[in-house]
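Q: Would you mind keeping the following structure in view while I ask a few things?
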Amino acid sequence: MPRDLLPPEPASREKALQSAHIFRSKLIERCAQVERWIAQMMASITPATSGKSRPALVLLGNRLDEIRDLARKSPERFKNPGRIIEKMDQFQIYSELRSELAHATTEVLVLEDGSVQIQFDNAGLVHPLIERRIILNEDKMREIANSLASLVNQIRQLELK
């Protein structure tokens, strides 16, 4: 264990873990709201075909690419296609963060000055030379959650023509 880390007090550790779980839950929920918005938009734009059926499970990253591509190739279908692309580009970083945190273990770190940080370690990546680790404090988690909530509200207001 690095010298600057101390074991946290049990009550402080539990409170920090609860904050981390709430943050992760909000992140996943907000991303699901955008995913649902994209799925509903795509369902209302693209006609059902009698040919090959679309897979039931489409990953969020694929959905983002799909709606951006449609906004570029068929801008006439959207009220403001440039804004669709812009907002999906802004959302991409949150989508990637969601993917990392959804598959991460959580650990509380208390620094010598008493400040608390949450360490998220990607559980699926086990390699002796590579570690995928995200470390956030409560202020940063709050900032991310608030920024994402604002962006999701903006996305949900985007419309078709």
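Q: Checking the structure you have, find out if any residue of the range 76-87 is modelled with pLDDT of 95 or more, of a type outside the set (Asp, Glu) and within 19 Å of Arg142 (Cα to Cα).
A: No, the range 76-87 has no match at all.
Q: Continuing with this model, one more query. Check Val110 against each of (1) in a strand (DSSP E or B); (2) more than 13 Å from Phe23 (Cβ to Cβ); (3) modelled with pLDDT of 95 or more and name the one condition it does not meet.
A: (3)
Q: Out of Gly124, Gly82, report the one residue that is more than 18 Å from Gln33 (Cα to Cα) and part of a loop (DSSP other than H, G, I, E, B).
A: Numbers: Gly82 fails: part of a loop (DSSP other than H, G, I, E, B).
Result: Gly124 is the single residue among Gly124, Gly82 that is more than 18 Å from Gln33 (Cα to Cα) and part of a loop (DSSP other than H, G, I, E, B).
Q: For the range 100-122, give me each residue that is free of Cβ contacts under 8 Å to residues at least 24 places away in the same chain and surrounded by 13 or more Cβ atoms within 10 Å (Cβ to Cβ). Quick ask: steps written out before the conclusion?
A: Within the range 100-122, the first condition is being free of Cβ contacts under 8 Å to residues at least 24 places away in the same chain, and the residues that meet it are 103, 105, 107, 113-115, 117, 119, 121-122.
Passing the criteria: His103, Glu107, Gln117, Gln119, Asp121, Asn122.
Q: Pairs needed: first member in the range 1-21, part of a loop (DSSP other than H, G, I, E, B); second member anywhere, loosely packed, with under 12 Cβ neighbours inside 10 Å and at pLDDT 85 or above; C-beta distance under 6 Å; at least 6 residues apart or different chains.
A: Asp4/Glu112
Q: Residues to consider are Leu59, Leu97; find the one that is surrounded by 15 or more Cβ atoms within 10 Å (Cβ to Cβ) and aliphatic (A, V, I, L, M). If you could, list the steps in order and put the result at the bottom.
A: Numbers: Leu59 fails: surrounded by 15 or more Cβ atoms within 10 Å (Cβ to Cβ).
Of Leu59, Leu97, the one residue that is surrounded by 15 or more Cβ atoms within 10 Å (Cβ to Cβ) and aliphatic (A, V, I, L, M) is Leu97.
Q: Spot the failing condition for Asn137; the list is (1) in contact with a strand residue (DSSP E or B) (Cβ under 6 Å, 6 or more places away or on another chain); (2) under 22 Å from Gly61 (Cβ atoms), and only one is missed.
A: The number of the failed condition is (2).
The values are calculated or read from the model by the stated rules, or taken from the named source; none is laboratory data. This is a predicted model, so every value here is computed, not measured. Heads up, the Cβs are rebuilt from the backbone with ideal geometry, glycines too, and the neighbour counts pull from every protein chain shown.
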